[in-house]
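Here is the structure we will look at, set down as structure tokens.
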Amino acid sequence: MKINKPSHRWQLKFEGEWPTSVAFLGDSRKLAAGNRGGEIFVWNLPEEPPAPQQDEKDEQEKTPPDHPPTRQLTGHDNGISRLVATSDGKTLVSSSLDRTVRLWDVNSAATGSTEVVLDAKDRQRRARYKGEDEKKKILEAPGVKVETVDSAAELTGHRGWVGSLGLSGDQKQLISGDVTSLVITWDLAARKEKSRWTGHPWNWAVATALSPDGATALVSEYTYKRDDFDIPAAGLKLWTTVDGKEKLDLLKLQFPNLDPKATSYGSAQAWRKFVKGGLIAADFSPDGKFMAVGQGGETDTGKVHLLDAASGELLRTVSGHRYGVCDVKFSGDGQYILSSGRDTTIRICQVSDGKEVATLGKERGGQYKDWIHALAISPDQKTVAGADIAGFVHVWQL
Amino acid sequence: MKCPNFEHVSRRALLKGTLATAAGGSLMNWGSLFNSQATAAEVNKNQKRCILLWMNGGVSQFETFDMKPGRPTGGLFRPISTNLPGTQVCELMPKIAQNMDKLTVIRSMRTSQVDHPGGIHLMHTGYSQAAGIRFPEIGAVIAKYLGRDGSDLPNFIKIFSHGNTGAGFLGPKFQPFALSPEGRLPTFSTSNLNPQIESRRNELRNFVEDVYARRHKAETARMHREAYEAARRLQNVHDVFKIDDEWNKYRDLYGDSAFGRRCLMARRLIEEGVPFVEVGQSSYDSHADNFVWHRALVPPMEHAWAGLMTDLEQRGLLEHTLVVWMGEIGRTPRVNNRSGRDHYVRSWSTALAGAGVKGGVVYGESDLDGIDVKDNPVTEGDFFATIYQALGIDPETEHYNGVRPIPIAPFGSDVVKDVLV
């Protein structure tokens, strides 16, 4: 990955429910994004974007251009939590609060078409002070026509919201985790379950990642407290995927006196500083030597822990999002950690020394900021995308 | 019913005192009517009582009883069917869904205090805070009218206490007795002394206090002595608070949670004749991450709540015990940019079950997006009046703060008769 002078190339409107997830589909001009309403759209972007428009509120600012999606992937009936895609861009995988994981042949023939409105908020803003006729004209203007595509496969077996999803580096295995702490690994080609295991019965599997060869799984467990005096210990463990056996308890390594069965407020204080509002994002480096986990929730400063994958040793803590991390990814060359957060930014840090080398986006919102809920890196490592809860998918060229 | 001061003795109180004496067997003429333990137990069982399940911080109506699926305000959860045909609740409450025939749900609460301190006061007393008046909490009022004088157990118990108004102007006799969040007795209530030494100390203290009281006629001396007596009597019933053995048996029914243990403790106390027990669960103030907070908090709560009602019903206690479920506020229809819902009191939900109320009732309605009450608004005063009426206490009963009459439910409150049996 080479970072020159990042530029904000596209600002794709995806209003309505929060955009929560994003993935590139084979190259830097084709991407998919999902939202909290269960919708997934696919964009094919032109090679060169049109000129940015002058921002209406700020003379110094220019708004990157929008572009309509071409396809809608239909099937989920509750929020999309994560999207991952194979590097050839042919297969997209989505996890959802509807308790399923779905696979999509992105290039398969359309099954229908529909018209969608992705700028509802913008229409309301423009119509606010208009007369009745003009207001109606703005609000009821035609939307965007898109092809619809049904999912190629539905992977069932989860018992609750599926909140985490990962793909092995060899593209052969998937891992997904739900709010009952159930983790399932899947054979991607066969579209079948390979193994499953559970953690603490009260916890949720909030982040899952597979090693490049798919042999090892990194699983972060966490739950929001059941009340002040009822908090199970968070978990961060390595598991052997073939048999679902625990390999290394990373949190125990950090806190040798940790009792994973303790559920008192007092015991929670042992891991609170390290875990903050849950280690809700996880990734393996492409060479499998390092792991990164991000502190989520509404915390003062959400950081990313860089861990040695063999020993579990904490190497360093990098980045620092105001109010918590949402997503974490290593660059393809393993030189950088990219993290998105609740401060409307994506931060890029060097693995070697933790130094932050670039920030994409800037803080927006009131006292609390809008979140960049998820990030994606294009296969050619030249483009980064972010799902912004304000109703955008941003695309930056590095 | 007019009470010129809090020493007033009503017909009910007189009868209640008589029964308590009779059960003790010291007043033989009356005692002959109630001289068997079985009869006393029956009287005890039929006494109305109340358990308040307090959702501190303000549980969301959208994530419990008033879902708006498919609307912009609807959120991430999905509705499920209940055993009340045509009525749905949040998927987080599968056990309560199967107990809807026992509940009256009010979907049209409209109250007046939108912040926590004000809301906690309001929904514990029925009144907004006012300078110069310390209103009594509902537990103190119920302790006064349904409590037993001379009982070994306190008449007003809080487990994981919220709200700090206490007995207010009803006086220290009706102050709450607070257990820890784990249901443990406070340290002052346990004596490490040899019982003989303890007894001799009590005799000596009583002697000294008697002498003091005869000379000074001081009210505080009497209260002091009563408080000591209550603490001493508590020694007789320590076993009620030891729930480990029973918890092993009932863990599945109540669910393995701290709130479940508290609910089991509440049932034990109610069974022993305590007229009012408040059980708290914290952390509903979900300005951020509303959905994951409710995903964590509601399942153990609803499991325990359903288990409590089942347990009470199986013991024949539910028809005599009013179970009240509420927090101090509701939550906003709009989801903010922290994935949270803020405070809201224009339209929210509460629930009742058991003594004096119908089951299988959904009262009132909010509008399409849950922004306002569409039908049958219920104010805090109406809600408290309905609770008191269900328990057989006249909501117009007045106390006096100086010369000012203060009814136990605010002036102008209407009992929601449609939900009462």
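Restricting the trypsin sites (Lys or Arg not before Pro) of the range A:58-138 to loop positions (DSSP other than H, G, I, E, B) with no more than 13 neighbouring Cβ atoms within 10 Å leaves A:Arg128, A:Lys130. Counting only heavy atoms of the protein chains and using a 1.4 Å probe, A:Ser352 has close to 90 Å² of accessible surface.
Computed across the range B:187-240, the Kirkwood radius stands at 12.1 Å (inverse of mean 1/r, all Cα pairs).
Surface listing: B:Met223, B:Met67 arranged by accessible area from highest to lowest gives B:Met223, B:Met67, probe 1.4 Å. Since only A:Leu31, B:Gly354, B:Leu84 are under comparison, the one whose Cα sits farthest along the positive direction of the charge dipole of the protein assembly as shown, derived from C-beta charges on Lys, Arg, Asp and Glu, is B:Gly354.
Ranked by the mean number of other Cβ atoms within 10 Å of their residues, highest first, the peptides A:246-257, B:55-66 come out as B:55-66, A:246-257. For the residue pairs B:Lys68/B:Lys95; A:Lys57/A:Lys276; A:Lys136/B:Lys68; A:Lys57/A:Lys90, alpha carbon separations beyond 29 Å are given by A:Lys57/A:Lys276; A:Lys57/A:Lys90. Given a 1.4 Å probe and the protein chains as shown, A:Glu356 ends up with an accessible area of around 70 Å².
What accessible area, summed over both chains, is buried at the A-B interface (1.4 Å probe, Å², nearest 100)? Accessible area lost upon association: around 2400 Å². With respect to chain B, whose longest principal axis is taken over its alpha-carbon atoms, helix B:116-125 is tilted by about 60°.
Beta bridges assigned by DSSP with both partners in chain B are antiparallel in approximately 45 percent of cases. Taking chain B as a Gaussian network of alpha-carbon nodes connected by springs under 10 Å, the highest mean-square fluctuation of the residues B:Val277, B:Val141, B:Val335 belongs to B:Val335.
Springs join every pair of Cα atoms under 10 Å in this Gaussian network model of chain B, and among B:Ala97, B:Ala143, B:Ala230 the largest mean-square fluctuation is at B:Ala230.
Under the definition of partner shielding as Cβ atoms of other protein chains within 10 Å of a residue Cβ, what is the mean value for peptide B:253-262?
3
The residues of the protein assembly as shown present an accessible area of 42 Å² per residue when probed at 1.4 Å with all protein chains retained. When the Cα positions of B:Gln175, B:Leu103, B:Ser189 are compared along the charge dipole of the range B:93-216, B:Leu103 comes out farthest toward the positive end, with charges on each C-beta of Lys, Arg, Asp and Glu.
Accessible-area loss of 50 Å² or more (1.4 Å probe, protein heavy atoms, chain alone versus all protein chains) is found in the range B:292-310 for B:Val292, B:Trp293, B:Arg295, B:Ala296.
Under 1.5 on a/c is rounded, so check that first for the range B:298-421, then, if it is not, pick prolate when a/b is larger than b/c and oblate when it is not; a ≥ b ≥ c are the square roots of the alpha carbon gyration tensor eigenvalues.
Oblate is the answer for the range B:298-421, as a/c is 1.5 or above yet b/c matches or exceeds a/b.
Of the accessible area of the range A:327-398, computed with a 1.4 Å probe over protein heavy atoms only, carbon and sulfur atoms account for 45 percent.
Tell me the angle of helix B:290-314 to the major Cα principal axis of chain B, expressed in degrees between 0 and 90 and rounded to the nearest ten. Long axis of B:290-314 versus the principal axis of chain B: about 50 degrees. Residues of the range B:314-352 that lose at least 30 Å² of accessible area (1.4 Å probe, protein heavy atoms only) when the other protein chains are present, relative to their chain alone, are B:Asn337, B:Arg338, B:Ser339. For the range A:351-398, just say rounded, prolate or oblate: build the C-alpha gyration tensor, square-root its eigenvalues into a ≥ b ≥ c, call rounded for a/c under 1.5, and beyond that prolate if a/b exceeds b/c, oblate if not. It comes out oblate by the Cα gyration axes.
Under the simplified labelling scheme, the A:Asp58-A:Asp122 pair shows an inter-label distance of 1.8 nm, with each label point 7 Å from Cα along Cα→Cβ.
For the range B:68-114, a drop of 30 Å² or more in accessible area on going from the chain alone to the assembled protein chains (1.4 Å probe) is found at B:Leu76, B:Arg78, B:Glu91.
Convex hull volume of the C-alpha atoms in the protein assembly as shown, normalised per residue: 197 Å³. Against chain B, whose longest principal axis comes from its Cα atoms, helix B:11-24 is set at around 60 degrees.
Shape index of chain B: Rg/Rh, with Rg the Cα radius of gyration and Rh the Kirkwood radius from the inverse mean 1/r over Cα pairs, equals 0.98. Computed over chain B with a Gaussian network model linking Cα atoms closer than 10 Å, the most mobile of B:His162, B:His224, B:His303 is B:His224.
Mind running the shape call on the range A:248-398? Use the C-alpha gyration tensor, a ≥ b ≥ c as the square roots of the eigenvalues: rounded below 1.5 for a/c, prolate if a/b tops b/c, oblate otherwise. It comes out oblate by the Cα gyration axes. Kirkwood hydrodynamic radius computed over the range B:112-266 comes to 17.9 Å, based on all pairs of distinct alpha carbons. Helices in the protein assembly as shown, meaning DSSP H runs of at least 4 residues, each add -39500 (n - 2.57). Divided by all residues, the mean residue ellipticity at 222 nm is -7000 deg cm²/dmol. Beyond 34 Å, the tail of the calculated P(r) for chain A holds 26 percent of the Cα pairs.
A probe of 1.4 angstrom, applied to the heavy atoms of all protein chains, finds B:Cys263 with accessible area near 0 square angstrom.
Under conditions of 10 °C and 1.306 mPa s, the range A:1-130 yields 98 µm² s⁻¹ as its translational diffusion coefficient, taking Rh as the Kirkwood radius over Cα pairs in the Stokes-Einstein equation. Taking the protein heavy atoms of chain B in the context of the full set of protein chains, the accessible area attributed to carbon and sulfur is 51 percent at 1.4 Å.
Farthest towards the positive end of the charge dipole of the protein assembly as shown, among the residues A:Gln295, A:Gly177, A:Leu258, is the Cα of A:Leu258, using unit charges on the Cβ of Lys, Arg, Asp and Glu. Charges were assigned to the Cβ only: +1 to each Lys and Arg, -1 to each Asp and Glu. The resulting dipole of the protein assembly as shown about its Cα centre is roughly 1380 debye.
The values are calculated or read from the model by the stated rules, or taken from the named source; none is laboratory data. All of these numbers come straight from a predicted model, not from anything done at the bench. Quick reminder, even Gly has a Cβ in these numbers, built from the backbone with ideal geometry, and neighbours come from all protein chains shown. Side chains included, ligands, DNA and RNA excluded: accessible areas come from the protein's heavy atoms. Shrake-Rupley method; radii C 1.70, N 1.55, O 1.52, S 1.80 Å.
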